[in-house]
1. Sort 267-276, 397-406 for me by packing, meaning the mean count of neighbouring Cβ atoms within 10 Å per residue, highest on top.
2. How much of the pair distance distribution for segment 256-393 lies past 27 Å, counting alpha-carbon pairs only, in percent?
3. If I stretch the segment between residue 15 and residue 240 completely, what's the gain in nm (0.36 nm per residue apart, minus their alpha carbon distance), one decimal?
4. Out of segment 50-101, which trypsin sites (Lys or Arg not before Pro) are coil in DSSP terms and have no more than 14 other C-beta atoms within 10 Å?
5. Round to a whole angstrom and tell me the spacing of the C-alpha centers of segment 313-357 and segment 219-281.
6. Once phi is turned into ³J(HN,Hα) by the Karplus curve 6.51 cos²θ - 1.76 cosθ + 1.60 with θ = phi - 60°, what whole-Hz value does each residue of segment 311-326 show in order, with x for glycine and proline?
7. Taking amide H atoms as placed 1.01 Å from N in the peptide plane, list the residues 5 or more away in sequence, or in a different chain, whose amide H sits under 5 Å from that of residue 172.
8. Rounded to the nearest 0.05, what FRET efficiency do residue 117 and residue 395 have when you use their Cβ-Cβ distance and R0 = 35 Å?
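Each value in this text was obtained by applying a stated rule to the coordinates, not by laboratory testing. Predicted model, so just to flag it, every value in this text is computed and none were measured. With ideal geometry, Cβ positions are generated from the backbone for all residues, glycine too; neighbour counts draw on all protein chains shown.
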Amino acid sequence: MTPANPPAASPRPSACPGLWRIVSARDGGICRIKLPGGLLLADQADAVAVAAERFAGGVIEATNRGNLQIRGIGGDHAGLVESLLAAGLGPRDAASDDVRNLMLSPLAGHDPQSVLDVRPLAEQILDLLQATPRFHELSAKFAVQLDGGEGVAMLEHPHDLWLSALRLEQRDWLAFGLASCPADGQVLGAVPLEQGLALVSAVLERFLDLATAEQSRMRQLLQCCPADVFIAGLGVDVRRDAVVLEWKREATERPWLGRVVQQQGMALGVAPPLGRLTPAMLRGVARVARQWGDGSLRLSPWQSLMLPNIAAANFEQARVELSSLGLLCQADEPLARVVACTGSSGCAKAQADTKADAVELAALLGSGAPGSVHLSGCPRSCAVAHVAPATLLARSPGRYDLYLRDAHLPGLGALRATDLTLNEAGAMLALPTEHLDD
Ligand code: SF4
């Protein structure tokens, strides 16, 4: 039965939105809907659209962890939550809402480059997280990534625990790392696929055994407990030879907007401008998924959506319908290049109206790599979970400092210019990267 009552207080309280934890912002309440591996059925999408109209101001956001949130919620919190629960958008147990943080590729199970289909294991991990009361003590931000080796994969988001599929000696293994990401995190060991669930369970148990209440994330614990010591106490047989420890997850650049080839058929990747959907857009995506796809959607870590299993003959029709609703369906659309946090229209911490500025900047920039320019209203950098190639950090309305990603520097990277207007920032970002070093 779906739980209707809010969960009891957590030992690691969170300020992040949840299903029941509707957080106040300048533009009203925010409710976050966590989706299992990013999966949203078309009927559920319709239910979110209705809820956003009925109980809020109609703004729906795709988050950078493959979830949805509704903004601008009015006073009827109970009505909103009830409607979402009725659509099957809640956790199995009220106390397990926060812990459902498992990221998959939006093309998991369909990607031609994948080593294996991780969806069955993902289901087991989500069951484990929800059914184990002790794991509900984990922070709402504690997150796990399960990477099946897909070509469409976000490999740069740090996770408390990540697992990556690899094939060794004709057998499927899961390499893993802690407090890092598959792109450049250190591989700490591997277990056979059949031991994947046991490994996840052991890592979470060990974390809770060792972490103080102040240590809510793995990176904090590893500052006082070396990774080798952590692994030695797992009670799981972990392979740690050179073959495993020197293995690197191969980075791939498969596009996630527009036509995306599957093992069979194709998927359509679409992005709402600056991560925001109107109810009409979400209904439109649901309608297209029902009519031309398999009735399901996948939310991605790029604040976008993917519609899998679209027949080649129907692809163009599906794309035209979604494009007419204002969704970005091609990587070369200028708005696809920019990412922006909520900004001053909805967040009291913001120094600038980043959403409006991003629209203006996109017109100046033209096309470029999707998501490669990030406008942030303050140093918290909510809009992306990794460092973007270029970050504009607001210092006052309409004025920004420009940082370029640098693997050798912490934080946002190298500071290239300060107090830029949007025109100045646009002119600098339009230059080839080598000229930005002058
Ligand atoms: S990055 Fe800062 S300004 Fe932007 S939404 Fe987050 S807290 Fe608000």
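1. On the way: 267-276: 23.7, 397-406: 19.0.
Answer by packing, highest mean first, reads 267-276, 397-406.
2. Details: 2199 of 9453 pairs.
Considering segment 256-393, 23 percent of its Cα-Cα pairs are separated by more than 27 Å.
3. On the way: separation 225, 0.36 × 225 = 81.00 nm, distance 3.78 nm.
So the extension gain works out to 77.2 nm.
4. Values: sites: 54, 65, 71, 92, 100; in loops: 65, 92, 100.
Taking segment 50-101 and a limit of 14 other Cβ atoms within 10 Å, no loop trypsin sites (Lys or Arg not before Pro) are found.
5. Using only Cα atoms to place each centre, the spacing works out to 24 Å.
6. 5, 3, 5, 9, 4, 5, 4, 4, 5, 5, 4, 6, 5, 5, 8, x
7. 193
8. On the way: r = 47 Å, r/R0 = 1.33.
It comes out at approximately 0.15.
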